[in-house]
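Below is one structure, written out as structure tokens; comments come after it.
The values are calculated or read from the model by the stated rules, or taken from the named source; none is laboratory data. Quantities reported herein were computed from a predicted structural model and do not represent experimental measurements. Methodologically, a virtual Cβ is constructed for each residue, glycine included, from the backbone with ideal geometry; neighbour enumeration extends over all protein chains shown. What goes into the accessible areas is simple: the full protein's heavy atoms, side chains included, and nothing from ligands, DNA or RNA. Shrake-Rupley method; radii C 1.70, N 1.55, O 1.52, S 1.80 Å.
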Amino acid sequence: MSKPVNPAPLIHEILPVGMLACNCSIVGDPVSGEAVVIDPGDEVERVQSLLAQHRLKVKYIVATHAHIDHVGGIERLQRATGAPVLMHEGDLFLYQHLAEQAAWLGVRPPETVSVEQFLTEGDKLRCGSLALEVLHTPGHSPGSVSLYLPGEHRRIFSGDTLFQGSIGRTDLWGGDYRQILHSIRTRLLVFPDDTPVFPGHGPPTTLGHEREFNPFLAGR
Ligand SMILES: [Zn+2]
Ligand SMILES: [Zn+2]
């Protein structure tokens, strides 16, 4: 008799961090003990205590884009974990101008670190048995990416590209309204309707829900 096959478990913790409540996600494979931390914008102590609670070691620190609310905690987490920092090259200028972003928000500028590797469309970030695929979804910023986790735990991390009932603003540095709609249509809405979506702010949703109800996507 064959043993029942249990799906490989997944750890997914979502913490809204900082004054803009950026959703930081910890995605971990409990078997290998490896994790990817997406958008550690602030409150690094909370991120670290959850990592410790699950006995996870950070393999990659990933920024969906380089707005301060998503990257403000990167330096502290990098220093604490030694994990490489990854983002798209198109947003490097934003990361290099974090002080201006901080001034714009009226907060103290966070320290920065060097970016170890630039993400490009189609990259696969392996973490134990998981492999997150990089989708380049410019529009909110030139280097905005979304991450797609295929398989039984299928989900999209959409950064500030797609929200429940809305899309990312395009009036900031390098934003482009036509481009964000094109990104959503060609890179995100190509996946099945029941694909869960975890945005950079606010509650989770699904592609089908957004296809039907998101006022920015009517008829797409
Ligand atoms: Zn943003
Ligand atoms: Zn944001």
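Can you tell me how much longer the chain between Glu212 and Ser32 gets when fully stretched, taken as 0.36 nm per residue apart minus their C-alpha distance, in nm with one decimal? So the extension gain works out to 61.0 nm. Label-to-label distance for Lys57 and Thr170 is 4.3 nm, based on points extended 7 Å past Cα in the beta-carbon direction.
Only Lys, Arg, Asp and Glu carry charge here, each on its Cβ (+1 for the first two, -1 for the last two); on that basis the chain has a dipole of about 440 debye about its Cα centre. Taking every alpha-carbon pair under 8 Å whose residues sit at least 6 apart, region 11-213 reaches a relative contact order of 15 percent. Ranked by solvent-accessible area (1.4 Å probe, protein heavy atoms only, all chains present), the residues Met19, Met87 order from largest to smallest as Met19, Met87. Which percent, to the nearest 5, of DSSP beta bridges fully inside the chain are antiparallel? If I count the DSSP bridges inside the chain, around 70 percent turn out antiparallel. Each principal axis of the Cα cloud of the chain was evaluated for its coordinate range; sorted largest first, these ranges are 63, 46, 27 Å. The gain in end-to-end length when the Lys124 to Thr186 segment is fully stretched comes to 20.4 nm, 0.36 nm per residue minus the alpha carbon separation. Distance from the C-alpha centroid of region 38-117 to that of region 186-220: 26 Å, rounded to the whole angstrom.
Among Tyr177, Tyr60, Tyr148, the residue with the largest mean-square fluctuation in a Gaussian network model of the chain, with springs joining Cα atoms closer than 10 Å, is Tyr177.
Result for the chain in a Gaussian network model with C-alpha springs under 10 Å: among Ala80, Ala35, Ala63, the largest mean-square fluctuation is at Ala80.
In the chain, a dipole from Cβ-located charges (positive for Lys and Arg, negative for Asp and Glu) runs towards its positive end, and of Gly18, Gly168, Ala80 it is Ala80 whose Cα lies farthest in that direction. Annotation note: trypsin sites (Lys or Arg not before Pro) in region 32-120 located in DSSP loop regions with a Cβ neighbour count of at most 16 within 10 Å are Arg55.
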